[in-house]
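The values are calculated or read from the model by the stated rules, or taken from the named source; none is laboratory data. Here the structure is a predicted model, which means the values were calculated and not measured. Note that each Cβ is placed from the backbone with ideal geometry, even for glycine, and that neighbours are counted across all protein chains shown.
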Amino acid sequence: MKFVATSLVLMSFVFSLTAGDIHGVAIKSLQGKKLNLAAYKGKAVLVVNVASECGYTGQYDGLQSLYQKMKGNGLVVLGVPCNEFGKQEPGSPQQIATFCKRNYGVTFPLTEKIAIRKGKNQHDLYKHLTKGGKQVGWNFEKFLVGKDGQVIQHFRSDTEPNDSALLAAINKALK
C-alpha cells in the first residue's frame, strides 16, 4: 500500500512537470520568500531571464514601462535573474534588487537567481518554458505565458519590450 501511495505521488509530480502549466511551479522571490505562481492564473505573464551586466540590460527600462502600462490589463512581467550566460549576473539578491530599483525603478516581481539551461540543474520553471525543444540562448529572452499558464510564444534577446510583434502577442493573450 505504501508503494502504491508513493507511486501515485511520484506520478502526479511527473505529470505536473509535463502538463505545461507554470502555475504549480515552486519558486522563490528575490527576497527568498515563496512566490506563488498560481496567483497569476488568469493573467498573461512575460517571463524574462535578466542580468545586470549584459548588453541588453537597458531593456529593464522598457520592461518596467510595459509593466506599468499593462499591469492593470492583467500583464505580469516576471524577471528571472540568471548567471549562466557570460556570468553577467554575479550579484547577491540584495545587489540585484538595489541595481534594478536604483537604475530602472523596477517594481515588477523578480525571482531568486536560478539555472535555466537544459540539464540536471535546470529549474522547473524553465523545464516548462523550454518544453518542445525551445532553447534559451542568452539573457533577456522572453516567454509569453497565457492566462492558462501555458507558453504562447518565445522571443529572443533582441526583441525589445516595445516591439510590435511582442505587443501584439501580449494584447492577444490578454483578451
Next on the checklist: I need the full set of residues from segment 27-53 which are out of contact with any Leu (no Cβ under 9 Å at 6 or more places or on another chain), surrounded by 19 or more Cβ atoms within 10 Å (Cβ to Cβ) and in a strand (DSSP E or B), in order please.
Outcome noted: N49
Checklist entry - Hey, among the residues in segment 119-147 that are surrounded by fewer than 19 Cβ atoms within 10 Å (Cβ to Cβ), charged (D, E, K, R) and within 15 Å of the chain's Cα centre (by Cα), which one's farthest from G55 (Cα to Cα)? => result K147
Item to check | Positions within segment 96-108 being crowded, with 17+ Cβ neighbours inside 10 Å and under 17 Å from K71 (Cβ atoms), in sequence order | outcome: C100, Y104, V106, F108
Checklist entry - Of the residues N121, N162, N171, which single one is part of a loop (DSSP other than H, G, I, E, B) and under 18 Å from V77 (Cβ atoms)? => result N162
Checklist entry - Given G133, G86, which one is out of contact with any His (no Cβ under 8 Å at 6 or more places or on another chain), modelled with pLDDT under 95 and of a type in the set (G, A, S)? => result G133
Checklist entry - Is there a residue being farther than 20 Å from I170 by Cα, buried (at least 19 other Cβ atoms within 10 Å of the Cβ) and touching a residue at least 12 places away in the same chain (Cβ under 8 Å) anywhere in segment 65-78? => result no
Checklist entry - Being within 18 Å of H128 (Cβ to Cβ), modelled with pLDDT of 95 or more and assigned to a strand (DSSP E or B), is that true of even one residue in segment 18-26? => result no
Item to check | T111 being of a type in the set (S, T, N, Q), buried (at least 17 other Cβ atoms within 10 Å of the Cβ) and more than 26 Å from D61 (Cβ to Cβ) | outcome: no
Item to check | Hits in segment 98-114 - residues which are touching a residue at least 60 places away in the same chain (Cβ under 8 Å), part of a loop (DSSP other than H, G, I, E, B) and hydrophobic (A, V, I, L, M, F, W, C) | outcome: I114
Checklist outcome for this item: When segment 54-97 is checked residue by residue, the ones that are farther than 25 Å from A39 by Cβ and part of a helix (DSSP H, G or I) are D61, Q95
Checklist entry - Scanning segment 40-99 for residues that are among the aromatic types (F, W, Y) and farther than 18 Å from L166 by Cβ, which turns out farthest from the chain's Cα centre (by Cα)? => result F99
